[in-house]
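To start, the structure itself, in structure tokens.
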Amino acid sequence: MLYREIQDSDIERLEELYQKEKWTSFKSHMIQSLKDKSHWVIAEEDGNICGFARYITDGVLTVYLCELVVATDFRQQGIGRSLIQEIFSRHVGLRIDLASFNDDFYDRLNFRKIGSAYRTYGERNKDS
């Protein structure tokens, strides 16, 4: 498994993966905008994107995990865990915070609950 940065040629394949995994608000134009505003770790095998993590960081204390997506056919193979480990290797000593839709996964990785997640929308972002 290769873990690498995002490339322009990934945009359409990432949109397909987002859509297959029911993250339907992520379209190519949005992914293109997020490409340069976020950090990405792409998990690739034999030219196929198997999963990815998108995150932001202050570089001092916190990495905020925005999305961690592993294609259904590649789950239960340690890819999600490896994506988390890759983030830690790139940002030694920082913590990872996130909002979860899959608590069991993060519990198995020894994340601990520290509160609740909230979301609201401004006028411009009602579809996100």
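Within the range 94-116, residues that are open to solvent by 100 Å² or more (accessible area, probe 1.4 Å) sit with their Cβ atoms under 9 Å from residues that are in a loop (DSSP other than H, G, I, E, B), at 6+ positions apart or across chains, in these pairs: Arg95/Leu61; Lys113/Ser100. Of all residues in the range 32-52, those that are buried (at least 16 other Cβ atoms within 10 Å of the Cβ) have Cβ atoms under 6 Å from Cβ atoms of residues that are in a strand (DSSP E or B) and charged (D, E, K, R), 6 or more apart or on another chain, in Ser38/Arg54; Trp40/Arg54; Ile42/Arg4. Scanning the range 53-73 for residues that are touching a helix residue (DSSP H, G or I) at 6+ places or on another chain (Cβ under 9 Å), of a type in the set (A, V, I, L, M, F, W, C) and surrounded by fewer than 18 Cβ atoms within 10 Å (Cβ to Cβ) turns up Cys66, Ala71. Scanning the range 17-44 for residues that are β-branched (Val, Ile, Thr) and farther than 18 Å from Tyr64 by Cα yields one hit, Thr24. Return the residue satisfying two criteria in turn: it lies in the range 1-24 and is in a loop (DSSP other than H, G, I, E, B) and within 25 Å of Ser89 (Cα to Cα), and of such residues it is least open to solvent (accessible area, probe 1.4 Å). Only one residue fits best here, namely Ile6.
The values are calculated or read from the model by the stated rules, or taken from the named source; none is laboratory data. As the structure is a computational prediction, the values presented were derived from the model and not from experiment. As a convention, Cβ positions derive from the backbone with ideal geometry for all residues, glycine included, and neighbour counts pool all protein chains shown. Just so you know, the surface numbers come from the protein's heavy atoms only, side chains and all, with ligands and any DNA or RNA stripped out. Shrake-Rupley method; radii C 1.70, N 1.55, O 1.52, S 1.80 Å.
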